[in-house]
1. Out of the range 7-24, which residues are more than 14 Å from GLY102 (Cβ to Cβ), part of a loop (DSSP other than H, G, I, E, B) and not small (Gly, Ala, Ser)?
2. Taking the range 39-83 on its own, how many of its residues are aliphatic (A, V, I, L, M), outside any strand (DSSP E or B) and touching a residue at least 12 places away in the same chain (Cβ under 8 Å)?
3. Report, by residue number, each residue of the range 114-143 that is acidic (Asp, Glu) and over 13 Å from ARG75 (Cα atoms).
4. If a residue must be surrounded by 10 or more Cβ atoms within 10 Å (Cβ to Cβ) and at pLDDT 95 or above, how many such residues does the range 103-133 contain?
5. Which of the residues spanning the range 84-101 are part of a strand (DSSP E or B) and either within 17 Å of GLU113 (Cα to Cα) or β-branched (Val, Ile, Thr) (or both)?
6. Looking at ILE4 and the list (1) under 12 Å from the mean Cα position of the chain (by Cα); (2) assigned to a loop (DSSP other than H, G, I, E, B); (3) closer than 21 Å to GLY105 by Cβ, which single condition is not satisfied?
7. Restricting to the range 90-105, and then to whatever is under 12 Å from the mean Cα position of the chain (by Cα) and hydrophobic (A, V, I, L, M, F, W, C), can you tell me which residue is farthest from PRO133 (Cα to Cα)?
Amino acid sequence: MWNILDDNGIVLAIVIKSNYDKKGITFCTPDDYSQQLAYMHHDAGHVILPHVHNEVKREVLFTKEVLVIRKGKLRCDFYTDDHEYIKSIVLEAGDVILLASGGHGFECLEETEMYEIKQGPYAGEMDKTRFDPIPNEMLKIED
């Protein structure tokens, strides 16, 4: 698990690689994030008590997305809020990413299947501003 940071130390994304393994519950996000992400690893027989979630009014200003890569390879390109390219990473089957801030774009490097989880309700095109991607010859891919 690691944070993808911009040059100012701002968290752009949180990645849980498919080989991450730690017993118990690991919350990957601070309590104030509007989208929460946790990793859980429990032994057989572990019980999570039945529960309901209480009604709590929350204000969500920005959409945060979680992608779960089911199959394939996906390049994720990170941008500032001003559309300036920062860097890229490659995600593979089993990886999970929470897109926390800034902009992002993707290219499927192989046939890719993934799940996207985000807050609702969906605001359609009001929810995003599209812009041109970085040319391939300018990519900076991190390991």
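1. Selection gives LYS17, ASN19, TYR20, ASP21, LYS22, LYS23.
2. Of the range 39-83, the ones aliphatic (A, V, I, L, M) are 40, 44, 47-49, 52, 56, 60-61, 66-69, 74.
Now restrict to residues that are outside any strand (DSSP E or B): 44, 47-49, 52, 56, 60-61.
From what's left, touching a residue at least 12 places away in the same chain (Cβ under 8 Å): 60-61.
Number satisfying all stated conditions: 2.
3. Within the range 114-143, the first condition is being acidic (Asp, Glu), and the residues that meet it are 116, 125, 127, 132, 137, 142-143.
Listed by number, the residues that qualify are GLU116, GLU125, ASP127, ASP132, GLU137.
4. Qualifying residue count, the range 103-133: 15.
5. Of the range 84-101, the ones part of a strand (DSSP E or B) are 85-92, 96-99.
Result: ILE86, ILE89, VAL90, LEU91, GLU92, VAL96, ILE97, LEU98.
6. (2)
7. VAL96
The values are calculated or read from the model by the stated rules, or taken from the named source; none is laboratory data. Predicted, not measured: the structure shown is a model, and the values here were computed from it. Reconstructed Cβ throughout: ideal geometry from the backbone, glycine too, with neighbour counts over all protein chains shown.
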